[in-house]
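Here is the structure we will look at, set down as structure tokens.
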Amino acid sequence: MNEQWEAVDDYFDESIVAQDSALTNALKASEDAGLPRVNVTASQGKLLHLLATMGNARNILEIGTLGGYSTIWLARALPADGRLITLEANENHATVARANIAAAGLADRVDVRLGKASDTLPVLAEENRGPFDLVFIDADKQSNPDYFAWAVKLTRPGSVIVVDNVVRGGEVANSDSADPAVVGTRKMVADIARNNAVSATAIQTVGGKGYDGFLLAVVTGNEF
Ligand code: SAH
Ligand code: DHB
Ligand code: MG
């Protein structure tokens with residue numbers, strides 16, 4: 001990984017990102033429990049937090065919890081009566097996340113739901129948990145088309161949808177890719193291109209996690 005990208009991430013992390021001990025403890029506990037180190041970086045977590053703050057988010061949905069690191073960044077933007085539901089298929093990840101979220105003082109606002117998102121998303125609809133103000137999609141990338149469609153279904157005009165890891169070292173531009181993650185992301189992008197109810201962009205990023213990027217969409221509801 002590029003040392004300069006990491007040095008710049010470190011510089012901003014130490015100056016303006018202001019990651020506190022609840023967040024660093026969550027990373028340490030996740031690492032100790034053997035979870036893969038694929039959480040968002042501190043600066044990306046702060047961006048999620050700021051997006052939720054900008055939109056006055058009171059109701060947030062996350063797909064892909066891991067150890068709850070991005071969850072904590074997002075949930076901290078919520079008012080005291082706000083709520084975040086996060087979906088996780090791996091029981092060990094969910095257990096670690098619940099402990100990290102409780103240690104961060106956010107157990108009252110965060111609901112970690114164990115199960116495949118394809119099973120738990122329809123339950124959210126049945127329970128009328130929407131509309132969510134912000135949805136963060138960060139689970140199995142081959143399912144991105146389904147997750148994005150669910151995100152649109154469970155939001156309202158003005159809601160924000162963020163999708164992590166859409167660039168993958170540039171592979172997203174390879175139309176011949178056989179990588180299911182790339183195929184899934186490209187299918188999602190094609191769906192978004194045809195969907196007049198959302199307006200979207202994608203931003204390439206470098207940093208502590210290498211070269212990747214995220215997609216940002218706003219639900220417009222203009223189905224013309
Ligand atoms: N958002 C986290 C990182 C998530 S990593 C952060 O930035 O801190 C992706 C997570 O998605 C993993 O924990 C993985 O177990 C979970 N996952 C994979 N497939 C899934 C599925 N079908 N449904 C729900 N979660 C899934
Ligand atoms: C992977 C998953 C992520 O959410 C991420 O940010 C980076 C990598 C992965 O599964 O490889
Ligand atoms: Mg990710």
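Which links in K153/K209; K141/K187; K46/K209; K28/K209 stretch past 19 Å when you go from one Cα to the other?
In this structure, K153/K209 lie more than 19 Å apart at Cα.
Using a ≥ b ≥ c from the Cα gyration tensor of region 167-224 (square roots of the eigenvalues), is it rounded, prolate or oblate, where a/c under 1.5 gives rounded and otherwise the larger of a/b and b/c decides, a/b for prolate?
oblate
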### Query
How long are the semi-axes of the ellipsoid equivalent to region 71-144, from square roots of 5 times the Cα gyration tensor eigenvalues, in whole Å, largest first?
19, 16, 11
### Task
Pull out a ≥ b ≥ c, the square roots of the eigenvalues of the alpha-carbon gyration tensor of region 156-200, then state rounded if a/c is under 1.5, prolate if not and a/b is larger than b/c, and oblate in the remaining case.
prolate
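Classify region 12-145 from the C-alpha gyration tensor, please: rounded if a/c falls under 1.5, else prolate or oblate depending on whether a/b exceeds b/c.
Oblate.
Go through K209, K187 and list them by solvent-accessible area, largest first, probe radius 1.4 Å.
My answer, sorted largest first, is K187, K209.
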### Task
State, to one decimal in nm, how far the label point of A22 lies from the label point of Q4, with both points 7 Å from Cα in the Cβ direction.
3.7
### Query
In what sequence, highest mean first, do 56-62, 30-36 appear when ranked by Cβ atoms within 10 angstrom?
56-62, 30-36
### Message
I need to check one value: relative contact order of region 80-149, counting alpha carbon pairs closer than 8 Å and at least 6 residues apart, in percent.
### Response
32
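Would you mind getting me the FRET efficiency between A149 and L50? Use the beta-carbon distance for r and R0 = 25 Å, nearest 0.05.
0.45
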### Query
Between G213 and residues 5 or more places away or on another chain, which pairs have amide H atoms under 5 Å apart, with H built 1.01 Å from N, and which residues are they?
N165, V166, V167, R168, T205
### Query
To the nearest 10 Å², what's I203's accessible area with a 1.4 Å probe?
80
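Tally the DSSP beta bridges in region 117-224 and give the antiparallel ones as a percent, rounded to 5.
75
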#### Entry: Antiparallel DSSP beta bridges within the chain, percent to nearest 5
40
### Query
Points 7 angstrom from Cα along the Cβ direction at E31 and A202: gap in nanometres?
3.1
### Average Cα contact separation per residue, the chain, under 8 Å, 6 or more apart, as relative contact order %
18
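The values are calculated or read from the model by the stated rules, or taken from the named source; none is laboratory data. Quick caveat: nothing in here was measured; it's all calculated off a predicted structure. All Cβ positions, glycine included, derive from the backbone under ideal geometry; neighbour counts span all protein chains shown. Accessible surface areas use protein heavy atoms only, side chains included; no ligands, DNA or RNA. Shrake-Rupley method; radii C 1.70, N 1.55, O 1.52, S 1.80 Å.
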